[in-house]
Amino acid sequence: MYSLRQSIVIYRCQNCDFLAKEESEIPRVWLSSGTQLAVDNVPDRLQYCQGAFMPRAPWREPTPAESALLWTDEPPPHYAGVGIVRLPADVLALLADAAIASLTTPLQVAEFKSQEKCAQILDRLIDYFQPFCLSDAPPVISGMGGRQPGLSTATIDNKRGCRNGLHTDSWDNLSLDRKHEATNRICVNLGRDSRYFLFVNLTEMDIFEMLGYSDSPIGKLWTRQLTSEFMQRYPEYPVVKLRIAPGEAYIAPTENMIHDASTADMKHLDVKVMMRGYYRIPV
Ligand SMILES: [Fe+2]
């Protein structure tokens, strides 16, 4: 087993506190046994891209020492921290009134997106996250969708027509030495079940250094190459699985970390809204 390093940390924003009872009963975090080449033998599912990686089972809860490395009591910087945010009561009431959690197919989600009540919810989400936006530009919804349950990793590479597996985003097209300047992402869970954010708790620069590339140029794009080499060289390094409950969101630097979403432990449709921008992790 390769020991967990301390780098990207998780912060639970203060407004999650009223879920204390649930927190004591349902774990927040699990660690995988490492990673492996991705396979999905279920018929009629979109297959993995060639050379894709997924977390390797079994999963386990972190030891106290590992939890101490993973969690922080202070809001971390936006480029190296994952924040868990609970939506306020009035937004949760809007979601309940619209019965979003009862949508059962991606097509129903697509139809819902054309309705006025959906526009109201998205406007309210933008209002709520506006104070956390570090740039002058207001938050922008970058996607809303529904994904089937049961997928070890869920992201699809639309250009290649296959599932990415664990990956680093590259919407900003930044070189390695500028990854800390990249946008981060908010992803809100509008579904009925907890959903799961998978990530390696290392920045892209950590991985670059672990691969011994310190003398190589860092002013170029490394995204897929770094991910692939890391999985091959450190197959026992654990992947973190973070539970995001219904009505919660995560804020994460997905351009600067290996990650994906998982719907493997879900029973109902995974309904989510995403925003890309520069968001600080709120206290
Ligand atoms: Fe991604």
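The values are calculated or read from the model by the stated rules, or taken from the named source; none is laboratory data. The structure presented is a predicted model; accordingly, all values stated were derived computationally and were not measured. Note: ideal-geometry Cβ built from the backbone for every residue, glycine included; neighbour counts use all protein chains shown. These area figures cover heavy atoms from the full protein model, side chains too; ligands, DNA and RNA do not enter into them. Shrake-Rupley method; radii C 1.70, N 1.55, O 1.52, S 1.80 Å.
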message = Just to be sure I understand the model, the point goes 7 Å from the Cα along the line to the Cβ. What's the resulting K220 to D44 distance in nm?
response = 4.5
query = In whole Hz, what ³J(HN,Hα) sequence does the stretch 101-110 give by Karplus (6.51, -1.76, 1.60; θ = phi - 60°), x for Gly and Pro?
reply = 5, 8, 5, 10, 9, x, 5, 4, 5, 4
key: Residue with peak Gaussian network fluctuation, the chain [Cα springs, cutoff 10 Å], from S194, S32, S67   = S67
task = With springs only between Cα atoms under 10 Å apart, run a GNM on the chain and tell me which of S142, S216, S102 wobbles the most.
result = S216
remark   = Comparing A65, A101, A154 in a Gaussian network model of the chain (Cα, 10 Å), the one with the largest mean-square fluctuation is A65
inquiry  = Using a 1.4 angstrom probe on the protein heavy atoms only, could you order T183, T105 from most to least accessible area?
reply    = T105, T183
Whole-Hz couplings from phi, Karplus 6.51/-1.76/1.60, listed for the stretch 205-211; x for Gly and Pro = 5, 4, 5, 3, 6, 5, 7
Proximal lysines relative to K113, as straight alpha-carbon distance under 28 Å, when same-chain residues fewer than 8 apart are discounted = K159, K267, K272
Simple spin-label estimate for R178 and K159 in nanometres, 7 Å along Cα-Cβ = 1.7
query = Relative to the first principal axis of the alpha-carbon coordinates of the chain, what is the inclination of helix 89-98, with its axis defined by its Cα atoms, in degrees from 0 to 90 and to the nearest 10?
reply = 70
key: Residues with amide H under 5 Å from that of I8, placed H, sequence gap 5 or more   = L202, T203
For the chain: rounded, prolate or oblate by the Cα gyration tensor [a/c cutoff 1.5] = rounded
task = Name the shape class, rounded, prolate or oblate, that the alpha-carbon gyration tensor gives for the stretch 1-124, where a ≥ b ≥ c are the square roots of its eigenvalues, rounded holds for a/c under 1.5, and otherwise prolate holds if a/b is larger than b/c and oblate otherwise.
result = oblate
Net lengthening on full extension, I141/S33 (0.36 nm per residue, minus Cα-Cα) = 35.4 nm
request  = Using 0.36 nm per residue of separation minus the Cα-Cα distance, give me the extension gain between S114 and L134 in nm, one decimal.
outcome  = 4.3 nm
ask   = Relative to the present Cα-Cα distance, how much length would full extension add between K267 and Q6 at 0.36 nm per residue of separation?
value = 90.7 nm
Amide proton proximity set for K272, modelled H, under 5 Å, gap of 5+ = G145, L190
note = Counting only residues 5 or more apart in sequence or on a different chain, those whose built amide H sits under 5 Å from that of Q47 are R163
